[in-house]
1. Do the conditions hold for GLY40, that is, is it surrounded by fewer than 17 Cβ atoms within 10 Å (Cβ to Cβ), of a type outside the set (A, V, I, L, M) and without any contact (Cβ under 8 Å) to a residue 24 or more places away in the chain?
2. Quick one: in the range 128-143, of everything that is surrounded by fewer than 18 Cβ atoms within 10 Å (Cβ to Cβ) and not β-branched (Val, Ile, Thr), which residue is nearest to ALA29 (Cα to Cα)?
3. Hey, GLN60 hits all of (1) surrounded by 20 or more Cβ atoms within 10 Å (Cβ to Cβ); (2) over 21 Å from THR146 (Cα atoms) but one; which does it fall short on?
4. Please determine whether any residue of the range 142-149 is under 20 Å from GLY16 (Cα atoms), at pLDDT 95 or above and either aromatic (Phe, Trp, Tyr) or in a helix (DSSP H, G or I) (or both).
5. Take the residues in the range 131-165 that are among the aromatic types (Phe, Trp, Tyr) and under 14 Å from MET97 (Cβ atoms), then tell me which one is farthest from the chain's Cα centre (by Cα).
6. PHE180 is checked against (1) more than 12 Å from the chain's Cα centre (by Cα); (2) assigned to a helix (DSSP H, G or I) and fails just one. What number does that condition carry?
7. Can you find, within the range 168-182, the residue that is surrounded by the fewest Cβ atoms within 10 Å (Cβ to Cβ) among those that are under 13 Å from VAL125 (Cβ atoms) and out of contact with any Asp or Glu (no Cβ under 9 Å at 6 or more places or on another chain)?
8. I'd like to check something: does the range 69-79 contain any residue that is modelled with pLDDT of 95 or more, surrounded by fewer than 21 Cβ atoms within 10 Å (Cβ to Cβ), part of a helix (DSSP H, G or I) and more than 17 Å from the chain's Cα centre (by Cα)?
Amino acid sequence: MTLQKTANPGPLGLLGFGMTTILLNVHNAGLIPLSIMIIGMGVALGGLAQLIAGILEMKQGNTFAGTAFIAYGCFWWSLVIIWTMAPVGMAADKIAMGYYLSIWGLFTAFMFIGTLTHNMMTRVVFGSLTVLFALLAIGDFTGNPTITFVAGLVGIFCGFSAFYSAVGQIVNGEHQKEIFPL
């Protein structure tokens, strides 16, 4: 009887989160406009890839990663719905978006507490994501573009942290040694 090796779905979820987060926050930092490129990444990589990774993590019994990837995959889909599918007269204004981002920040802050038993890169990803949601919410509540710009910089850092964690897991796993410290 041969045992089948189970792959680690974490890097897929982290890449889905990281790459999409980088692109959205390049927009938040004012470097590019919001466009179909970000929306497409949000649906495909931010949403679908994270949902797939989350379901696979749940199948492996990893409640933390499964919850994180499924929730943030749904975040991306909900954000795209908010941006593109609002019926006439129901578009979300800045105050509504501030509340939306605040509740995601609260969820993320509690998930960050869960990372205190994880590796340093996971703590960095969730810690910076908590700060990102807080800054984005404050930026929307106040209408202050400087706060949103700073949030964009934090978001780019957060996205690259997730990207690094994904690449580190892949490369370290392939080489069976630590090449990228996590």
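The values are calculated or read from the model by the stated rules, or taken from the named source; none is laboratory data. Owing to the predicted nature of the structure, the values given are computational and were not obtained by experimental measurement. When we count neighbours, we look across all protein chains shown, and the Cβ atoms used for this are built from the backbone with ideal geometry, even at glycine.
1. Values: surrounded by fewer than 17 Cβ atoms within 10 Å (Cβ to Cβ): yes; of a type outside the set (A, V, I, L, M): yes; without any contact (Cβ under 8 Å) to a residue 24 or more places away in the chain: yes.
For GLY40, the condition - surrounded by fewer than 17 Cβ atoms within 10 Å (Cβ to Cβ), of a type outside the set (A, V, I, L, M) and without any contact (Cβ under 8 Å) to a residue 24 or more places away in the chain - is met.
2. The qualifying residue nearest to ALA29 (Cα to Cα) is GLY143.
3. The number of the failed condition is (1).
4. no
5. Kept after step one, since they are among the aromatic types (Phe, Trp, Tyr), are these residues of the range 131-165: 133, 141, 149, 157, 160, 163-164.
Remaining after also requiring under 14 Å from MET97 (Cβ atoms): 133, 141.
Working: PHE133: 10, PHE141: 21 Å.
Among residues in the range 131-165 that are among the aromatic types (Phe, Trp, Tyr) and under 14 Å from MET97 (Cβ atoms), the one farthest from the chain's Cα centre (by Cα) is PHE141.
6. That leaves (2) as the condition not met.
7. If we filter the range 168-182 for residues that are under 13 Å from VAL125 (Cβ atoms), which is where we start, we get 168-169, 182.
Imposing the further condition that a residue be out of contact with any Asp or Glu (no Cβ under 9 Å at 6 or more places or on another chain) reduces the set to 169, 182.
Details: GLN169: 18, LEU182: 14.
Checking each candidate, the answer is LEU182.
8. Within the range 69-79 (the criterion being modelled with pLDDT of 95 or more, surrounded by fewer than 21 Cβ atoms within 10 Å (Cβ to Cβ), part of a helix (DSSP H, G or I) and more than 17 Å from the chain's Cα centre (by Cα)), the answer is no, since none of the residues qualifies.
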